[in-house]
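**Q** I'd like to ask you about the structure that follows.
Any read-out appearing in this document is the output of simple, stated calculations on the displayed coordinates, not a laboratory observation. If you're wondering where the values come from, they're calculated on a predicted model, not measured in any experiment. Positions of Cβ are generated from backbone atoms using ideal geometry, with glycine treated the same way; all protein chains shown enter the neighbour counts.
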Amino acid sequence: MRDTVRLVLSAAVASACAATLLAPASALAAPDRQQGPGAPSLRRVTEGADGPSGQASVSADGRYVVFQSSADNLVPGDTNASADVFRHDLRTGRTTRVSLTADGAQIPYGGHTPVISATGRYVVFVSRGAVAGEERTGYVRRDLRTGRTDRVGGDEDLYPAGGVLTGASVSANGRYVSFTARQTGTGRPGHRTAVRDLADGGLTVLESAWAGEAHLSDDGRRLVYWESVPAPVKYPPDRVFLRDLRSGAERRLDVAVDGSTTTARSGHPAISGDGRRAAFASWATDLVPGEDPNGEGDDVFVTDLRTGKIRRLDTPAPPGFATDPSLSGDGRYVVFGFTPRGSVHGVTHLYRTDLRTGRTALVSRAPDGTPAAATTSGRPVDARGRTVAFTSEDGALAPGRAGQGGDVYVRTLN
């Protein structure tokens, strides 16, 4: 689901697996048909875009959405024939371009893969030529208040022989940025992750040679990541870790009830803005007490990082598997992808679960109440868990002119 690094799933195994979510059966089995005043609302951000749009990320207050788009009709003067990064103000309806140089000129190579800081002031994205005199492709951080753009880092910081950037995360105040690269040109490529402190320029590279899909807490102190270890087996082991960047302490999160480390595959980690909870997907059946009604197959789990208690989110019906969780700022809400068993490979529907009440709501809901295929990216949900940004190629989700090749949408839930 996420447009970053994914766990490799076998289609045969995925079709046989089922995921569960902690909510009444009717909460997920029946379409969400709330209507009238106060009902959840949906808007298309990329109205009439003449190119595909995606990789949406939302600020903590739910006001700003940043995204990438290949369209050249979203703002005047877009003539670089490249994908660019844009910011949409949900209060005013105004869209502006983010991937600009410090003096406001468009970047010939554009920009892509953005993530916005919780405050909405900073946007981190991949570009080339955004910083004067810098022609290397890499992550940059743009200050939307001052226009200043600083280089964060690139694949050469992790793989001198070359690599491909695969994702980034940013602290609330924009000071810390984590980024990941995948090694290329080898038979057994790994993933490496680093964290840049833009206050002093310091770079911390994680010791693991397979650390990927990393996400920072709002204060930049805690980092979750998954480790997929290449091995000469069909299904290599995947594990989820939490690292305290201040103390250097690290611990594994996918731990079985008896305290042992599970041998099942785990990945797609997320962390709440306050650093209190983490979430991940796993095939493990021994992370929580009792029998897993689905057996092996992707479920979403939430860990209380203070107590170590793990909670599985159950979805009794329809059969399928859940993955790619994201957490609201206080960790109360979990947004995740759900793929019904037997559906077309890659078709994922989005849901949100309230961990306090157990209620599950359909986020990617079509006008007739049925689920639509959709994907999310880094920081897709606001601090309160009410605003969710996602991408879908279903042009009928909202009224108005659909964009070409996929649109960015924002759902507001009660």
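**Q** Any idea how far apart residue 246 and residue 386 come out in nm if each label point goes 7 Å out from Cα toward Cβ?
**A** Taking the two extended label points, one gets 3.1 nm.
**Q** Under a crude label model (7 Å from the Cα following the beta-carbon direction), how far is residue 261 from residue 105 in nanometres?
**A** Going by the 7 Å Cα→Cβ label model, 5.1 nm.
**Q** Ok, one more. Can you pull the Kirkwood radius for the chain, inverse mean 1/r over Cα pairs, to one decimal in Å?
**A** Details: mean 1/r = 0.0470 Å⁻¹.
Kirkwood hydrodynamic radius for the chain: 21.3 Å.
**Q** To the nearest 0.05, what FRET efficiency results for residue 79 and residue 132 with a Förster distance of 25 Å applied to their C-beta separation?
**A** The formula returns an efficiency of 0.75 here.
**Q** Please name which of 283, 169, 414 has its Cα lying farthest along the dipole of the chain towards the positive end, using unit charges on Cβ (Lys, Arg +1; Asp, Glu -1) and the Cα centre as origin.
**A** Positive-most Cα among the choices belongs to 414.
**Q** If the elastic network links every pair of Cα atoms under 10 Å, which of 246, 311, 359 fluctuates the most in the Gaussian network model of the chain?
**A** Result: 246 has the largest fluctuation of those listed.
**Q** Sticking with this one: Taking springs between alpha-carbon atoms closer than 10 angstrom, which of 289, 371, 76 fluctuates most in the Gaussian network model of the chain?
**A** Evaluated over the chain, the most mobile residue of the options is 76.
**Q** Based on DSSP H runs of at least 4 residues, each adding -39500 (n - 2.57), what is the mean residue ellipticity at 222 nm of the chain after dividing by all its residues, to the nearest 500 deg cm²/dmol?
**A** -500 deg cm²/dmol
**Q** Counting only other residues whose beta carbon sits under 11 Å from that of residue 110, what net charge do I get with K and R as +1, D and E as -1?
**A** Surrounding charge for residue 110 is -1.
**Q** Let me ask something else about it. How big is the charge dipole of the chain about its Cα centre, in debye rounded to the nearest 20, if each Lys and Arg gets +1 on its Cβ and each Asp and Glu gets -1 on its Cβ?
**A** Roughly 760 debye, rounded to the nearest 20.
**Q** Okay, moving on. Going through segment 72-135, which trypsin sites (Lys or Arg not before Pro) have at most 14 other Cβ atoms within 10 Å and a DSSP loop state?
**A** Filter output for segment 72-135: 91, 94.
**Q** Of the peptides 43-54, 164-175, how do they stack up when ordered by the mean number of other Cβ atoms within 10 Å, highest first? Don't skip to the answer; put the middle values down first.
**A** On the way: 43-54: 20.7, 164-175: 22.3.
Put in order of decreasing packing, that is 164-175, 43-54.
**Q** How much length is gained on full extension from residue 396 to residue 146, taking 0.36 nm per residue of separation minus their Cα-Cα distance?
**A** Gain on extension, residue 396 to residue 146, equals 86.2 nm.
**Q** In nm, give the distance between the simple-model label positions of residue 156 and residue 309, each being 7 Å from the Cα along the Cα-to-Cβ direction.
**A** It is 5.0 nm.
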